[in-house]
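The values are calculated or read from the model by the stated rules, or taken from the named source; none is laboratory data. Keep in mind it's a predicted model, so treat the numbers as computed, not measured. Cβ atoms come from the backbone with ideal geometry, glycine included; neighbour counts cover every protein chain shown.
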Amino acid sequence: MYADLLFTGGPVLTPEGPADSAVAVTGERITAVGPAEELRELAGPRTEVVDLAGRLLLPGFQDAHVHPLPAGLELSQCDLSGLRTAEESVAAVRAYAEAHPDRAWILGGGWSMEAFEGGTPTRELLDAAVPDRPVYLPNRDHHGAWVNSRALELAGIDRDTPDPADGRIERDASGAPSGTLQEGAMQLVGRLAPPATAADRLAALLYAQRYLHALGVTAWQDALVGDFLGMDDPGQAYLTAARDGSLTARVVGALWWDRERGAEQIPELVERRAASSHGRFRAGTVKLMLDGVAENGTAALLDPYLDTCGCATANRGKSFIDPARLPAYVTELDALGFQCHFHALGDRAVRDALDAVAAARAANGPSDTRPHLAHLQVVHPADVPRFAGLGATANIQALWAAHEPQMDELTIPFLGSERATWQYPFGSLLRSGARLAAGSDWPVSSPDPLQAVHVAVNRVEPGGSGPVFLAGERLGLRDALTAYTAGSAYVNHLDDTGRVAVGALADLVVLDRDPFAGAPEEIADARVTHTYVGGTAVYRAQEG
């Protein structure tokens, strides 16, 4: 029987490592892997033969923590991503507002904290650009929002408005709201913004899918399916796309755990799991957001943050879910067959998540629910070996593990020298036996897996020349690629993907080079030329 696809003439990343092999695909699956001369007979008159010409064939990348629909929406609105100064950001807002005089609200986001003094832009800057309409712009990590005076006025936020339990209203010296809302305080304005239409959501999802396919991403876990801080729930868009066949990726949806409620929501999650699975979309995961981010002082730490003088403050961050109740929640979810996907950024949040997984294991025994902890910016060394022992996957966002202004100016000084060395301990986790998965958290950062792999290997930003950020935590190229393929496939329960092997689904990517043959500093220069899902091409780079 002839193959439908035959890849030959280049290296293949197999589970055993790079190999000089040919790969045959028949229907949706890989049907042969072996020497080119042995597979040549599988090429028939209708076989598409792809000459790799020395380029690398590898499993499709899988993003274990991503937000495609909000990313797609932001790109179609006032997009501030990639801008590095306050002046550029304000100019972009002004230009967008002038180009869209019919928009009742100016929405979008993606601004960088390092562009503004202290990471907190002011309402006065926005008032100068848009004085007459409300403006609501989440930053690139979506843990803070920049608003103007009109938005504050509509929300009734003034100097007497108390901070919500799960957030903070930044204030000026007089106590008046300064224009930045952190964490739960974002919803004070965000809930008033007009939601995207169903058509807008579907268009944003499909735009994001095309973009991800062009980067070699064949599957992902959407880390927030539900209603959170005014963000658009992507659930219905996924179901629509799954039913009409336009969802070409394989997607796992992580159902949002409402942190204002407790165990009474679990029956609703069970119902939503049953109603939210169709075709290539299924929702068998629950997302539990335990803390915030270090840059705004809301990541949950075991010991207090430092101030600008290096002295301990009273702030140890925020626990968005009561740590005393978390083990019972996770135990019940695990017993019902849910995977738990934790946002755990600070060392206290990481420990709370691991304690909850340990409680579930003790109560329920071994299971195949595959819990995973995302972000892992600060991990206490005593907790590193617990991942392997508990079977908890470390879900890394490698692009963040480098020196850049947000790290050097807004994080390291407030963690202190010792604790700063506990950041993003990828190498330590791997050496301890932990399984690694990888994701981007797009639109927080670039969804390009090769950019993230570059940082995982070099611990330097693409195009950067140093200094290296904690060199002992670097990963080898093979380990970094495995995290973004087989590791994320494990987290996604897509056990017949993530590897080039006979019987596996033909979710495959061709690069324009073999990064194993080049210098580590050149990894980010690689580009995807072909992406296949189930043997069907979903992306081909234009030649020339």
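Test of understanding: among Val251, Val189, Val225, which residue is touching a strand residue (DSSP E or B) at 6+ places or on another chain (Cβ under 6 Å) and more than 30 Å from Leu154 (Cβ to Cβ)?
Val251
Helices (runs of 4 or more DSSP H) wholly in the range 336-449 with at least 3 residues that are under 21 Å from the mean Cα position of the chain (by Cα) - which ones? Before you say what the answer is, go through the steps one by one.
Details: elements: 347-364, 386-390, 405-410, 412-415, 417-420, 426-431.
Filter on the range 336-449 gives 347-364, 405-410, 426-431.
So which pairs qualify, if the first residue must be in the range 335-360 and closer than 19 Å to Val252 by Cα and outside the structural domain of Asn315 (by TED's automatic domain parsing), the second must be of a type outside the set (Gly, Ala, Ser) and surrounded by fewer than 24 Cβ atoms within 10 Å (Cβ to Cβ), the Cβ gap must be under 7 Å, and the two must be at least 6 apart or on different chains?
Final answer for the pair search is none.
Would it be correct to say that Asp507 is over 17 Å from Asp448 (Cβ atoms), surrounded by 24 or more Cβ atoms within 10 Å (Cβ to Cβ), more than 17 Å from the chain's Cα centre (by Cα) and not assigned by TED's automatic domain parsing to the domain that holds Ser367? Walk me through it before giving the result.
Numbers: over 17 Å from Asp448 (Cβ atoms): yes; surrounded by 24 or more Cβ atoms within 10 Å (Cβ to Cβ): yes; more than 17 Å from the chain's Cα centre (by Cα): yes; not assigned by TED's automatic domain parsing to the domain that holds Ser367: yes.
Spelling it out, Asp507 is indeed over 17 Å from Asp448 (Cβ atoms), surrounded by 24 or more Cβ atoms within 10 Å (Cβ to Cβ), more than 17 Å from the chain's Cα centre (by Cα) and not assigned by TED's automatic domain parsing to the domain that holds Ser367.
Out of Arg84, Arg55, report the one residue that is within 21 Å of Asp479 (Cα to Cα) and outside any strand (DSSP E or B).
Values: Arg84 fails: within 21 Å of Asp479 (Cα to Cα).
Every option except Arg55 fails the conditions.
Name the residues in the range 370-401 that are polar (S, T, N, Q) and surrounded by fewer than 24 Cβ atoms within 10 Å (Cβ to Cβ), would you?
Keep residues of the range 370-401 that are polar (S, T, N, Q), which gives 377, 393, 395, 397.
Scanning the range 370-401 gives no hits.
Can you spot a residue in the range 50-59 that is surrounded by 15 or more Cβ atoms within 10 Å (Cβ to Cβ) and either closer than 30 Å to Ala193 by Cα or small (Gly, Ala, Ser) (or both)?
Here is the first cut: in the range 50-59, the ones surrounded by 15 or more Cβ atoms within 10 Å (Cβ to Cβ) are 50, 52, 55-59.
Imposing the further condition that a residue be either closer than 30 Å to Ala193 by Cα or small (Gly, Ala, Ser) (or both) reduces the set to none.
Within the range 50-59, not a single residue is surrounded by 15 or more Cβ atoms within 10 Å (Cβ to Cβ) and either closer than 30 Å to Ala193 by Cα or small (Gly, Ala, Ser) (or both).
Exactly one condition in (1) touching a residue at least 12 places away in the same chain (Cβ under 8 Å); (2) out of contact with any strand residue (DSSP E or B) (no Cβ under 9 Å at 6 or more places or on another chain); (3) more than 30 Å from Gly279 (Cβ to Cβ) is false for Ala519; which is it?
Here Ala519 clears every test but (1).
Here is a check on your reading of the model: is Tyr484 in contact with a Lys or Arg (Cβ under 7 Å, 6 or more places away or on another chain) and either on the phi < 0 side of the Ramachandran plot or among the acidic types (Asp, Glu) (or both)?
Numbers: in contact with a Lys or Arg (Cβ under 7 Å, 6 or more places away or on another chain): no; either on the phi < 0 side of the Ramachandran plot or among the acidic types (Asp, Glu) (or both): yes.
Taking the combined requirement at face value, the residue does not satisfy it.
Name the single residue that is farthest from Asp291 (Cα to Cα) among those in the range 144-158 being of a type outside the set (A, V, I, L, M) and surrounded by 23 or more Cβ atoms within 10 Å (Cβ to Cβ).
Initial filter on the range 144-158 (of a type outside the set (A, V, I, L, M)): 144, 146, 148-150, 153, 156, 158.
Subset that is surrounded by 23 or more Cβ atoms within 10 Å (Cβ to Cβ): 144, 146, 148.
Working: Gly144: 13, Trp146: 20, Asn148: 26 Å.
Ranking the qualifying residues of the range 144-158, first place goes to Asn148.
Among the residues of the range 88-98, how many are under 16 Å from Val147 (Cα atoms) and either surrounded by fewer than 18 Cβ atoms within 10 Å (Cβ to Cβ) or under 25 Å from the mean Cα position of the chain (by Cα) (or both)?
Step one: list which residues in the range 88-98 are under 16 Å from Val147 (Cα atoms), which gives 89-94, 96-97.
Of the ones still in play, those that are also either surrounded by fewer than 18 Cβ atoms within 10 Å (Cβ to Cβ) or under 25 Å from the mean Cα position of the chain (by Cα) (or both) are 89, 91, 94.
Selection size over the range 88-98: 3.
Checking Asp233 against (1) within 20 Å of Leu333 (Cα to Cα); (2) among the acidic types (Asp, Glu); (3) in a loop (DSSP other than H, G, I, E, B): exactly one of these is not met. Which one?
(1) is the only condition that Asp233 fails.
Being assigned to a strand (DSSP E or B), more than 30 Å from the chain's Cα centre (by Cα), in contact (Cβ under 8 Å) with a residue 40 or more places away in the chain and surrounded by fewer than 22 Cβ atoms within 10 Å (Cβ to Cβ): is that true of Ala104 here? Before you say what the answer is, go through the steps one by one.
Numbers: assigned to a strand (DSSP E or B): no; more than 30 Å from the chain's Cα centre (by Cα): yes; in contact (Cβ under 8 Å) with a residue 40 or more places away in the chain: yes; surrounded by fewer than 22 Cβ atoms within 10 Å (Cβ to Cβ): yes.
Spelling it out, it is not the case that Ala104 is assigned to a strand (DSSP E or B), more than 30 Å from the chain's Cα centre (by Cα), in contact (Cβ under 8 Å) with a residue 40 or more places away in the chain and surrounded by fewer than 22 Cβ atoms within 10 Å (Cβ to Cβ).
Identify, from the list Glu461, Glu473, Glu418, the residue that is acidic (Asp, Glu) and over 27 Å from Ala356 (Cβ atoms).
Values: Glu473 fails: over 27 Å from Ala356 (Cβ atoms); Glu418 fails: over 27 Å from Ala356 (Cβ atoms).
When all the criteria are applied, what remains is Glu461.
It is to be established whether one or more residues within the range 48-58 are under 32 Å from the mean Cα position of the chain (by Cα) and either at pLDDT below 95 or closer than 26 Å to His493 by Cβ (or both). First the steps, then the outcome.
First, pick out the residues of the range 48-58 that are under 32 Å from the mean Cα position of the chain (by Cα): 50, 52, 54-58.
Remaining after also requiring either at pLDDT below 95 or closer than 26 Å to His493 by Cβ (or both): 57-58.
Yes; the residues of the range 48-58 include at least one that is under 32 Å from the mean Cα position of the chain (by Cα) and either at pLDDT below 95 or closer than 26 Å to His493 by Cβ (or both).
Restricting the search to the range 280-325, which residues are among the β-branched types (Val, Ile, Thr) and in a loop (DSSP other than H, G, I, E, B)? Quick ask: steps written out before the conclusion?
Our first condition is that a residue be among the β-branched types (Val, Ile, Thr); within the range 280-325, this holds for 285-286, 293, 298, 308, 313, 321.
Residues satisfying the conditions are Val293, Thr298, Thr308, Thr313, Ile321.
Please indicate, with yes or no, whether at least one residue in the range 258-273 is under 19 Å from the mean Cα position of the chain (by Cα) and not charged (D, E, K, R). Give the derivation first.
First, the residues of the range 258-273 that are under 19 Å from the mean Cα position of the chain (by Cα): none.
No.
Considering only the range 1-43, state which residues are under 14 Å from Val502 (Cβ atoms) and hydroxyl-bearing (Ser, Thr, Tyr).
Thr14, Ser21, Thr26, Thr31
Which numbered condition in (1) over 24 Å from the mean Cα position of the chain (by Cα); (2) closer than 22 Å to Glu473 by Cα is the only one that Arg316 fails?
Among (1) over 24 Å from the mean Cα position of the chain (by Cα); (2) closer than 22 Å to Glu473 by Cα, the lone unmet condition for Arg316 is (2).
Condition first: surrounded by fewer than 19 Cβ atoms within 10 Å (Cβ to Cβ) and either over 21 Å from the mean Cα position of the chain (by Cα) or farther than 30 Å from Ala283 by Cβ (or both). Can you find one or more residues in the range 487-494 that meet it?
no
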